Structure formats: C-alpha cells, structure tokens
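The values are calculated or read from the model by the stated rules, or taken from the named source; none is laboratory data. Because the structure is predicted, anything quoted here is derived from the model rather than measured. Positions of Cβ are backbone-derived with ideal geometry, glycine not excepted, and every protein chain shown enters the neighbour counts.
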Amino acid sequence: MAHTHSDPTDSGEPPRKAALSGGWTQAVVLLVMLLIWPAIGAWSALAFLGAYVCALIIVNYAPAWFGLAGMTARLSVGQRCALGLLLATPAVAVLVRVARDAEPMKALAGAQEFARDKMELQKLPAIFPALLRADQPQRFFIHSPGSREVTVRLSAGSAPLATENVGHGLFMLDFDPRKTALNGEDGETRQVVLAADGVAHERAMRLVVPRPHPRWFASSPSAGIAATVSEETDELILVHRDGKSRRVEVDDGPADCAFFAGGSRVAVCHKFAPALCIVDAAEGKILERHELPRFQTRLAASPDEKVLAVALDGAQRGIQFLSLPDAQKLSFVPLPFSPDWIAFGRDAGELVVTDRVGRKVVRLRNKPQQPQWTMDDEVIELARPVVTMCRGAGGKQMILSATTTELDHEPITANHFIEDTIHHLDLEDWEVVESYPTHRGGLDQDDPGTTEHGVSPMSIAVYGDGLLIAFAGTNEVALNTPGAGSTLDFTYIDDEPLSAPHGVADLGDDTWCVSSPVDGTIGIYDDDVELLHLIRLAPDEEEMEEENSGPLKRLRGERTFYEATRSGVSCQSCHLHTDTDHSQHSIGAAELVDVLTVHGVAGTSPYLREGPYAQLRGLHKVVLEVYRDYENEVEWDRAEALEHYMSSLPPRANWRMLEPHDPARLRQGMDAFVKAQCAHCHVPPAMTNLGQHPAKVVFPEYGAAIEKEFELRSFLDVPGLRGISLSPPFLHDGRAPSLESVFQDHNPSNRHGDTARLSKDEFRALIDFLEQL
Amino acid sequence: MNEDQTMRSGFLKSIHADTAIVGGALVITSLASVLVCFSSGYYIERDIFASQLSGYSALAFLAISILFGPLLRAGGWLGIHLDWKVSVRITKNTGIASALAALVHSGISLAVYLRGNWREVLEHLYLHAGLLALATLVLLLGFSTRPLMSRTRWHLWKPTFRLSFAAAALVFIHVLYAPLASARWTVGLYTGALVISLLRFLPSRRPTPPLAPGFKVSDRSAAAGCETHSAK
C-alpha cells in the first residue's frame, strides 16, 4: 500500500523501466496536476483528487498508449529539463491566471489564514487577542500549560507586567494603556515578550492607535454651541456655530456629554474612569470631577436643567440622578437591564430609557407625590432594538429609530429583513403614534428596487419645528418638517469628508452640525445645506496615504462597514455599532439565527456559524451575492479594507475587568470549566479551537429537530467565548436567553459540556468565570 | 510435533521481524482504539482520543510507507544499506497497515463521534477529504493483493500506487481542519515529509548487485532510480 516499490518477483517478469525514472515522474505528475486543477476551477478535495488521477494517467499511461514510452529514456538531462520547463510553463501561466481570479485564490489564501490562526493559538505560550489598542483597557489571556508564572512585556524597554494565574495553564492580564504607555506607530506589528517561568518567548501583536471619533452631539442652540466626545482619544470636542472648535482632554473613555447652565457647562461621563467631569464650555477647562461608578454610558439633562441622569452599566445597572448645577447625587434607580439611550420627557420627572438587549422602551417617573423614581409597568416592545433616540420638540414625543416598523416582540422571519424606520412615541398616551420607513429608491438606480436614500438613521435632532436625521448608510442628512408626514428632504453630504455621519445637532441661527467618526470631521452647515465650516480632527486620506497604508485601509473599512448596499442593508444594520442587535434574523436558512458581534473576531478563522469563510475579507462575498453590491464604485479593495477594520476591533471591553474580582473564585471557575470538559473545544486563550462539530453531536435533540423540520444537517463553528456575557442571547440561533439557560435548558444530553457532574457551587463558579471572559 | 504444528511453525518462521513489528503495531493501536471506546469518561474525551489514536497511527503508517524510499536513498549516502527486499516489504506492509488503520479510524469515528450519523460525513470539507483519502487507500489496498498485483504488472502498478501521494495530501486537509487536531504538529510533519521527499532526487548509492542473466549494464541506472530492481 502506498508504496512506490514492489516485489518484481510477484509479477513474474523482469522489471521494466518507467517512462520517466523515480522521483522525476512524480514531479512531472505534480506539474501536470497543477495544470489540470486550476483548469477544473473547483477547489474541492474531489477536484484535487480528480486532477491528480488525470495527471497520473497522462504522465504514466499516455506515453505507453501513444508509443512514446521510451522517448524520455533517450533524452539527455538538458533535454529533460527543457521538457520539464515546457510542462511547467503552462502550469505556471494557469496559476498566474488563477491568481488574478479572486475567488479561487481566496479559497487557497483562506486555508493559509486558517492554518496560521490555528498554529498561532497552538504555539505555546499563546496570547489572545494579538491586538494592542492604545485607547482602552484590555484583558488578555495567555495559555502556558505547566508554567507557574508568566509575565508580559508589551514594548521594548518597558517593565514586564505580571499576570494572574487562573489555573490549568491560563493566565490573565488586565492592561490599561493609561498606566503603561504604548508608544509606537499605528498599525505596526511588534514583538511582545511572554516570559513563562523566566523563559522568554516572542509573539507578534498588532498595535492600533485609533483616530478621533466624534459621534453623537449634545447642543445648546441658544448658545450656538454643540459638543461631542471621542471615546478613542479621550476628548471632548466643543463646536461653535462660527466654526471655532476646542478639544478638551478629559478622563478615560468619555461616553457622552450634556449641556446645562444655559450652555455654559458641559457634563462628560466616562466608561473607564470613575468620574463625571464638569467642563466650562467657554474656556474648555475641567471645573469639577465627581466620583461615579465606571461604565457610565449616557447622559441626559432635564429640560429645566436642574437634573442630570446618568445611565450606568456594570455591576450596578441603573440610572443615577444628580442635581444641577452642583452635580450632587440624588437617587439611584436600579434597572434589570443595561440602559442604552436615555432622554427626559415632558419634564424633569419623566425619563425614557431604552433596553438594547431586551428590545424595549421603558419609562421612569418621579411624580411629585412619590419620593422615589418608579418604572412604569407598560413597556413599548419592538422587534429590533432602538438605534438612536431624541426628545421631540416640546418634549411631547420621543423620536426613535429602529430597523423595522414592527412593534411587537416576535422575531421577524422575513429573509434578510431590514427596514429602517422612524417611530414617534407619544408620551401622553405612551404609544407609538407614527412610524415611517426611511428607505427610498432614487433616480440613479440601475436595478429595480435599489435603495438610494435613508439607510441607517444614526442620529435625530430637533431643528426648529422639524427634525434633522443623519443617515450613516447613505451619507446624507434629511429634514422632516412638521406636517409633512413621512416626507423626508434628503441631501447628500458625501462631497465632503463626512462619510457615515453619526451625530447631528442644531446650532441655532439656522445652522446645524454633523459629525463623521470615520473621517474624524465635523461639518457646520446652514439652512440651505451649504457647508460653512469643516473641522478636521484627524489627518485626511491623502496625508494617511503618504504615511502608512494600514490605518488608511482601516478607515476605508470602517466607511464600508456603515455604507449601504443596493438592497438598503449595511453591516451596521444588524451589527449595531459593530456589535450585535441581540435579535434573531432569517439570513436565508430556514431557521433564525442571532447576530454575532464583530469584536474580537480577528485571529479566529473560520468565520460565521458554520465557518464557511476562512478570511474576514471573504465576508464581502455576502455583500456581493446577497445584497447586490454597493451603489458607488471605489478605487480601493473594499474586502481588504473591511478585513483591516474588523481585525482592529478587540473583544468588547467587559466592565468586570475594571472591578475588583476574587482570584480564588476565578480559579474555581476555571477548575469547573476544565472539569466540565469545556476546554476541549473552547481552548484557551481564544476559548475556541477554530473547529466545527456536527450539531447532532453536540446538541443531539436540537440537531435531530432541525433535521426533521428543515432537513438541515449543520456543522456549528466553535465560538470564541471572549466577551460572551455581553452578547445575549446565546447559542448560534439565540435560543438561550442567559448563560445559565445554555446548560440548564439546552443541554439535556449533557454533551455541550459535562455540566451534570458539577455541583451547584461549581456551576455558579463556571458562570462567574464565563462572565469574566 | 504433528503436521499442523509443523505448518504453523513454518508459517510463523516465514514472517519477517519487520512484518511482525508493523503488524503488531497495527493490532495494538487498533485494539487500543477500540478498547478506549468502551472505557468510561466524558464522550468528547473518550471518543476523540479513540479517533485520534487510530487516525494518527494511520497517518504514521502512511508517512513511513511514503518516506521510507527517500530515507533509504539518503541512508545510502551515509553508508547505511538495506536489502531491497526488506525495504519493499516495509513499504508495502506499512501501506497496508495505513489502509487498515484508516478503516478502523473511520469505523470508530462514525460509531462513537458521529453516533452513526453517516450523512454528516457529506457535510464538511475535512470529512470529504478524509472520505476520499480512505477511498484511495482502500483502492490501493485492493491493488496490493497478489492477484491484482500480478494482473496489473509493474509498469502499471507503480504509477497507480502514486495515488498514495494524493491520499497523503487529502489526509493533510483532513487533519488540518479536524476540530481537535494539532495544526502545528500536522504542518510540521508535512513540512518534514516534503523535505524528506526531496531526498528522492539524490542519486542512488547502493552496492552494485550482480547482473542478472539477460540484464544489460545500461539498465542498471534505471533500476537504481527505481530502487527496487534487482536481478533474479
């Protein structure tokens, strides 16, 4: 078997010479195979074998059939080389042709990427993610079995950082770039030193230094000023209607801002710093810092500017009310969910809060006769979460956007369904009184049904009596005047470097401003949509092209992420703010699936639930094949740009890494993780082995059910568990609402982890551990 | 000693040490793989170990079968020579062992890991590759039987057995994409195998065998290139 030799005595005849001798025959067979395989054009194992068999027949048997058997034996070495070259030339030519043809090369390059990622994660000690962000705290995991101590030196000359031993060879490093500076060029790959028990190992990590990203505005039209924050560069940016701007350095991870005191003061909340800053808007100086828990996510000032509401995520989720202007703590209202958007309603005693995970809108009230804030029982449920929300003129309505018109909680089963919609929520009646989709066709369409306007409404602001809406998908701003119903007056703003606009605000005196986090710019416009001023916070594309192509590709990738396809869908439509909309979608298959986060996917090839794409750039195929490509042509490679952008996103910052934790409990959780055999598939440090398992093997009941119902036999990609607690619902179709439910309700065969053998305390420790990831 | 005992003794004596070693290794790994399936423990640990044990042994046998020739060629330059009959036997026996171990591996994987869901095999690239590799090896196993060997003759039999290289490539895809296999180990093994394969292009350095009656001197170089030719 598999031998190239035989016992000639078996054949009963003297040995005969082969057409070509020894290894040369094999080389020629391979060359001919290289010629045939690309010609077949199918990059499957079957095509490979077929090509090989054909080559084998041609090289070994054809000469005999055509009476050429002895020909090569008569050739000199030089003639044989010439023959080899002759055979090689067309093979190489075909390969070059294939190289120009994108699809087969992607398949081949994808295998390389998969092998690289898998090998990197198996190269011990291994660190994940292999990505250093200069703008935010990060938690790294290092897998170094058998080691007692691991230190990490992130840059040459810096002190080694100690890690926490979690047990079973897993070490954890909580890194804060504010404490340990990460000097280096954006996009560079650096060698990081992992010292396991004193033995140094170098590992390559990519450094990402983000540009300023101005997003949503707070404004004071009467004062002619607006403000926005850039979480990436820890800045508050103040913009005056006359075009002047000021950048104020604030604390770590500014998340939102709000004006009070007639527009003379700005409150700034932070994700990563336990402080709320009060800034003098005129001077651009921090006047006060007030201690608050970390992960303050949104701010809202009451209409009378006497109360400030701070939305808190993290260990204590809820709303912290502060008095203004002294910012003294009033009451804290705990919430059973992480608050997303908040806005005061008709007065300082009514606060509307959205829940992204639960896809609902709730109302808190503080009636004069009641000492405490209470949450109304009546909840507005939506099929998709609120994308943005603002207080309507006069405070009688809340204006919010979502990706559907549907106002019930049931998942939408329509195939690839996105319908960006503006909802008007009447606060008096507490019901949605008006809804209108924003998607519009246009006069430039070259295909029936092409969407040209109104994709991804990202920000809404009151402008005079009407509304200004910024659309990130179609690079435009629309005006909705009162009484015009669903009529929107669209204006493209993509003549200027203001792509994927996120924020829009009234600056008073018939001027308004718009922000572009992608380009790092703010534009100030007049009532006729004429650009008055353009404020650049970051280098433009031409400058970047001269410096370094990596960050430029990332910028273009971010632009592509928000850009609408012809079908009116963008990546952002489902991957809300590069994360997930926590909803179930029909994406062509019979069953519904939940939306995966884009954060932390780099280095975990293959991608998507069944792992059909070995490269991140391969996901661009979805755009081409399902969403009918983009309307506008560009000179650069969108797929490559998307890959650069997505691979620059680390796992989502988990608030738990900034809170004190019990090391013993963490080790107990890791013990339970190993005891339940989770680590076989969810292998540290990425918590995935990059493999796929048949659904029937891991979830026999579920696998049998989908086979029976949908005639589906699917392989499920092992997901990485980094940041898993932040992206409910769980399992690939979102059927488990909580981590506990994954094991208690959806693991009856005990094959998705041997959790049956865990005690109650061990099970709780396992959940705690998963939450810490 | 009766006639039966004499025959058995003769049969045992006719088994060469190298054949016994290869056969023993095959029996031990196969038995161990099967026994693991009946052991206690969590399914993924037990089933995967059983699959891996049989699968890796099939791969090891295949690697020896393919690389033995080039290694022997290099050995010739280091002064290490092996009787061609022994080398042919080892190559052939490890090839047969590889196919049999692959059959055991497939049976175990289908029975315990895939729980008899044979249709799952058609759903994933790495299982496609594994299935094709198995089919190729089984085909070659058939061609290794004495009746087929004598029918195919040397000049057809040898190129046919080059399909083992295609099988090796398919096994590479299979192991690389297998969820619980080591990519580093696989890539390392195949890189090493590729380097060793290049030794095939070394000129042969083996002791000159006596010429067979009717065998010309000019044929010797070609025979050396094939490594296996010797006068009767």
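Quick notes
Yes/no per residue for (1) crowded, with 19+ Cβ neighbours inside 10 Å; (2) closer than 28 Å to A:Ala115 by Cα; (3) at pLDDT 90 or above:
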| residue | (1), (2), (3) |
| --- | --- |
| A:Cys681 | yes, yes, yes |
| A:Pro694 | yes, yes, no |
| A:Glu707 | no, no, no |
| A:Glu711 | no, no, no |
| A:Leu716 | yes, yes, no |
| A:Arg722 | yes, yes, yes |
| A:Ser741 | no, no, yes |
| A:His746 | no, no, yes |
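- Only listed residue being more than 7 Å from chain A (Cβ to nearest Cβ), closer than 23 Å to B:Val22 by Cα, assigned to a helix (DSSP H, G or I) and among the polar types (S, T, N, Q), chosen from B:Ser65, B:Ser164, B:Ser98, B:Ser106: B:Ser106
- Check on B:Ser57, facing another protein chain (nearest Cβ under 8 Å), touching a helix residue (DSSP H, G or I) at 6+ places or on another chain (Cβ under 7 Å) and more than 21 Å from A:Leu30 (Cα to Cα): no
- Just one of the listed residues (A:Val634, A:Val626) is more than 21 Å from the chain's Cα centre (by Cα), over 30 Å from B:Ala111 (Cα atoms) and of a type in the set (A, V, I, L, M), and it is A:Val634.
- Residue count, segment A:682-699 (criterion: at the interface with chain B (Cβ under 10 Å from one of its Cβ atoms), in a loop (DSSP other than H, G, I, E, B) and aliphatic (A, V, I, L, M)): 2
- Residues satisfying the stated conditions in segment A:191-205, i.e. of a type in the set (D, E, K, R) and surrounded by fewer than 17 Cβ atoms within 10 Å (Cβ to Cβ): A:Asp197, A:Glu202
- A:Phe171 meets the conditions (1) buried (at least 18 other Cβ atoms within 10 Å of the Cβ); (2) touching a helix residue (DSSP H, G or I) at 6+ places or on another chain (Cβ under 6 Å) in every case but one. The failed one is (2).
- Residue selected from segment A:375-427 under the condition among the acidic types (Asp, Glu) and part of a loop (DSSP other than H, G, I, E, B), by the criterion nearest to A:Ala348 (Cα to Cα): A:Asp376
- Positions within segment A:712-734 being over 24 Å from A:Gln772 (Cβ atoms) and free of Cβ contacts under 8 Å to residues at least 40 places away in the same chain, in sequence order: A:Arg713
- Within segment B:170-184, if we keep just the residues that are facing chain A (nearest Cβ under 7 Å) and more than 19 Å from A:Lys123 (Cα to Cα), the residue that is surrounded by the fewest Cβ atoms within 10 Å (Cβ to Cβ) turns out to be B:Ile173.
- Among the residues of segment A:196-213, those that are closer than 27 Å to A:Ser144 by Cα and out of contact with any Pro (no Cβ under 6 Å at 6 or more places or on another chain) comprise A:Asp197, A:Gly198, A:Val199, A:Ala200, A:Glu202, A:Arg203, A:Ala204, A:Met205, A:Arg206, A:Leu207, A:Val208.
- Annotation: of all residues in segment B:137-154 being charged (D, E, K, R) and facing chain A (nearest Cβ under 8 Å), the one that is surrounded by the most Cβ atoms within 10 Å (Cβ to Cβ) is B:Arg153.
- Among residues of segment B:68-95, those that are of a type outside the set (Val, Ile, Thr), within 12 Å of chain A (Cβ to nearest Cβ) and assigned to a helix (DSSP H, G or I), counted: 12
- Residue in segment A:210-224 that is farther than 30 Å from A:Lys244 by Cβ and part of a loop (DSSP other than H, G, I, E, B) present: no
- Condition broken by A:Asp326, with the remaining ones in (1) crowded, with 19+ Cβ neighbours inside 10 Å; (2) among the acidic types (Asp, Glu); (3) assigned to a loop (DSSP other than H, G, I, E, B) satisfied: (1)
- Selection count where residues are over 30 Å from the mean Cα position of the chain (by Cα) and among the small types (Gly, Ala, Ser), scope segment A:237-260: 2
- B:Leu122 vs. criteria within 12 Å of chain A (Cβ to nearest Cβ), under 23 Å from A:Ala51 (Cβ atoms) and at pLDDT below 85: yes
- Candidates B:Leu134, B:Leu114 - the one that is at the interface with chain A (Cβ under 7 Å from one of its Cβ atoms) and either aliphatic (A, V, I, L, M) or touching a helix residue (DSSP H, G or I) at 6+ places or on another chain (Cβ under 9 Å) (or both): B:Leu114
- Qualifying helices (runs of 4 or more DSSP H) (wholly inside segment A:489-585; at least 2 residues being modelled with pLDDT of 90 or more): A:549-562, A:571-574
- A:His575 vs. criteria buried (at least 21 other Cβ atoms within 10 Å of the Cβ) and more than 26 Å from B:Glu120 (Cα to Cα): no
- Checklist (1) surrounded by 18 or more Cβ atoms within 10 Å (Cβ to Cβ); (2) in contact (Cβ under 8 Å) with a residue 60 or more places away in the chain; (3) more than 8 Å from chain A (Cβ to nearest Cβ) applied to B:Leu189, failing item: (1)
- Among the residues listed as A:Ala664, A:Ala686, the single one being under 30 Å from A:Gln296 (Cα atoms), within 21 Å of the chain's Cα centre (by Cα) and not hydroxyl-bearing (Ser, Thr, Tyr): A:Ala686
- All told, A:Ala614 meets the bar of being in contact with a helix residue (DSSP H, G or I) (Cβ under 9 Å, 6 or more places away or on another chain), among the small types (Gly, Ala, Ser), under 25 Å from A:Ala130 (Cβ atoms) and modelled with pLDDT under 85.
- Inside segment B:104-123, residues that are closer than 12 Å to B:Val34 by Cα and either touching a Leu at 6+ places or on another chain (Cβ under 8 Å) or not polar (S, T, N, Q) (or both) make up a count of 7.
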